[in-house]
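See below for the structure under consideration.
What follows is calculated from the coordinates using simple rules that are stated; it is not laboratory data. If you're wondering where the values come from, they're calculated on a predicted model, not measured in any experiment. For neighbour counting, all protein chains shown are included, and Cβ atoms are generated from backbone atoms with ideal geometry for every residue, glycine included.
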Amino acid sequence: MTSHVSRRDFIVTAGAAAAGLSLAAALPERLAAARGSMRIGIIGSGAMGGATGLQWARAGHEILFSSRNPQELTELVGAAGSRARAGYPQEAAEFGQVVLIAVPYGALPQVGRDYAALMAGKIVIDCGNPRADRDGPMADDAIARGTGVASAEYLPGVRLVRAFNCMSAQQMEREAHRPDPKIGVPIAADDAEAVRVTAELVVDSGFDPVIVGPLSRAREFDRGTPVYVRGLTAAQLREALRLD
């Protein structure tokens, strides 16, 4: 256990240094798992939200999967076990200490209008990817400015993190907790505590966190970049993103 936590501390510390965060902020007294189970609300429980939530439930976190039709999530909740339940998106926004938003990117503005006030001050992980063929002109704008910058405008008042957007649901299901070297998950955020908590949740989901920097750098692992859904290890990601 000690060596595993040390590896996590090294990843968080090295990544935060590369991101320009202070080393003092990068050395938490405890990482998220050491603080015990967290309440995680998931807005959008389709392929990616469902697969990620399952991994977190297996790690011991309390999960509220949500949908406009929560009665359709019975099978997913059953697979997640006794620490999971289903509800509406408003319930997930209220329930979670951390909220994962896993909706088509075109729905993000409406999610912000409906639930940003309920998520104010909370760590919110956005894993959506804009696609013009599905989401319309707002996708082109988000890609041009970078999704970290765009998403922050749609979700005012939250402690926003871009993470888990650079992998597919199939990779989440198939590659979680594989032997080292694990697939790396890039993280971008402007809040040091949000970085720490998200890095621990990446570990809990069976992957290696790679801290890239502030939200403005999230564009470096957006859809269409050379690292997107490549299944790169943490070391390969750090090299590709010039973090070393």
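How high is the relative contact order of segment 81-139, given as a whole-number percent (alpha carbon pairs under 8 Å, six or more residues apart)?
Details: 54 pairs, mean separation 23.5, N = 59.
About 40 percent, as a whole number.
What does segment 2-240 give for Rg and for Dmax, in Å, if only its C-alpha atoms count?
Computed over the Cα atoms of segment 2-240, radius of gyration and Dmax are 16.3, 49 Å.
Grab the Cα-Cα distance for ASP244 and ALA132, subtract it from 0.36 nm times how many residues apart they are, and report the gain in nm with one decimal.
Working: separation 112, 0.36 × 112 = 40.32 nm, distance 3.33 nm.
Between ASP244 and ALA132, full extension yields 37.0 nm more.
So what is the 222 nm mean residue ellipticity for the chain from helices alone, if each DSSP H run of at least 4 adds -39500 (n - 2.57) and you divide by all residues, rounding to the nearest 500 deg cm²/dmol?
Working: 11 runs with 100 residues, N = 244.
Rounded to the nearest 500, the figure is -11500 deg cm²/dmol.
Taking 7 Å along the Cα-to-C-beta vector as the label spot, tell me the ALA107-ASN69 distance in nanometres, rounded to one decimal.
Going from the ALA107 label point to the ASN69 one covers 1.2 nm.
Send over the Kirkwood Rh of segment 120-204, from the inverse of the averaged 1/r over different Cα pairs, rounded to one decimal Å. If you can, show how the numbers build up before the last one.
On the way: mean 1/r = 0.0714 Å⁻¹.
The Cα-based Kirkwood calculation yields 14.0 Å.
Of GLU72, GLU62, GLU94, which has the largest mean-square fluctuation in a 10 Å C-alpha GNM of the chain?
Most flexible of the set in this elastic network: GLU72.
Within the chain, what percent of beta bridges assigned by DSSP are antiparallel, to the nearest 5? Mind dumping the intermediate values first?
Numbers: 4 of 30 bridges.
Of those bridges, close to 15 percent are antiparallel.
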